[in-house]
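Colleague: Dropping the structure in here first, questions after.
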Amino acid sequence: MKGSGVIIAAGIMIMSGYVSMAGMDMHEEMGPIPYRGEGKHVMINAGELEWTDIASMAPPAQIAIIEGDLSKEEPFTFRLKLPAGYIVAPHIHPAYERVTVLQGTFHFAHGKEFDRDKTMALDVGGVAIMPPGAPMFGYTEEETIIQLHGTGPWGIEYINPEDDPRKQ
């Protein structure tokens, strides 16, 4: 068949790459966390993430940065761990926000004023995508972990400045 040599050659290249990596100690080949595009693979289990407090959210919310420098124009991936009964006050972001729920349920909505009745319950696997400058808010009823990814620089601006823990 015409062109089948390319497919076969690509298959051999993939297979030879797999075979040559089969005996490697992957920990020696992995890049550091947070990943910054060092040209190496990053593989990490959830239990290995380093959770820290996050200044831009009220305690006891925590963040684990997986990829990127949030202050730079580059890809980022991070997780937020929100305890039961946590409220995410209305806010906006300077870039697209892409959220995936990994644990628990995240009640999330669009709007400038917090209103539990306007939220949608996003369960495990649920996704939300919001454009830059779109106001949003949310809350949890149980410990919830969400993963966010996009391209920085990243930030948060609260609709009501009194909700910003950095100003308290």
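The values are calculated or read from the model by the stated rules, or taken from the named source; none is laboratory data. Just so it is clear, the model here is predicted, and its values are computed rather than measured. Quick reminder, even Gly has a Cβ in these numbers, built from the backbone with ideal geometry, and neighbours come from all protein chains shown.
Colleague: Among the numbered conditions (1) of a type outside the set (A, V, I, L, M); (2) surrounded by 16 or more Cβ atoms within 10 Å (Cβ to Cβ); (3) within 15 Å of residue 61 (Cα to Cα); (4) in contact with a His (Cβ under 8 Å, 6 or more places away or on another chain), tell me where residue 141 comes up short.
Modeller: Every listed condition holds for residue 141 apart from (2).
Colleague: Give the range 107-134 a look and list any residue that's free of Cβ contacts under 8 Å to residues at least 24 places away in the same chain and within 18 Å of the chain's Cα centre (by Cα), or say none.
Modeller: 122, 123, 124
Colleague: For residue 10, work out the one condition from (1) at pLDDT 95 or above; (2) among the aliphatic types (A, V, I, L, M); (3) assigned to a helix (DSSP H, G or I) it doesn't fulfil.
Modeller: (1)
Colleague: Where residues in the range 104-140 are part of a loop (DSSP other than H, G, I, E, B) and hydrophobic (A, V, I, L, M, F, W, C), which of them is nearest to residue 151 (Cα to Cα)?
Modeller: In this case the residue turns out to be 134.
Colleague: Here are some residues: 43, 57. Which one is aliphatic (A, V, I, L, M), surrounded by 12 or more Cβ atoms within 10 Å (Cβ to Cβ) and within 18 Å of residue 149 (Cα to Cα)?
Modeller: 57
Colleague: State the number of residues belonging to the range 64-86 that are crowded, with 20+ Cβ neighbours inside 10 Å and either assigned to a strand (DSSP E or B) or out of contact with any Phe, Trp or Tyr (no Cβ under 7 Å at 6 or more places or on another chain) (or both).
Modeller: So the answer is 7.
Colleague: Kindly indicate whether residue 89 is in a loop (DSSP other than H, G, I, E, B) and closer than 18 Å to residue 154 by Cβ.
Modeller: no
Colleague: Looking only at the range 147-165, filter to residues that are among the polar types (S, T, N, Q) and within 12 Å of the chain's Cα centre (by Cα); which one of those is nearest to residue 126 (Cα to Cα)?
Modeller: The qualifying residue nearest to residue 126 (Cα to Cα) is 147.
Colleague: Now, a different point. In the range 124-149, which residues are under 17 Å from residue 96 (Cα atoms) and either at pLDDT below 95 or among the β-branched types (Val, Ile, Thr) (or both)?
Modeller: Those that are under 17 Å from residue 96 (Cα atoms) and either at pLDDT below 95 or among the β-branched types (Val, Ile, Thr) (or both): 127, 129, 146.
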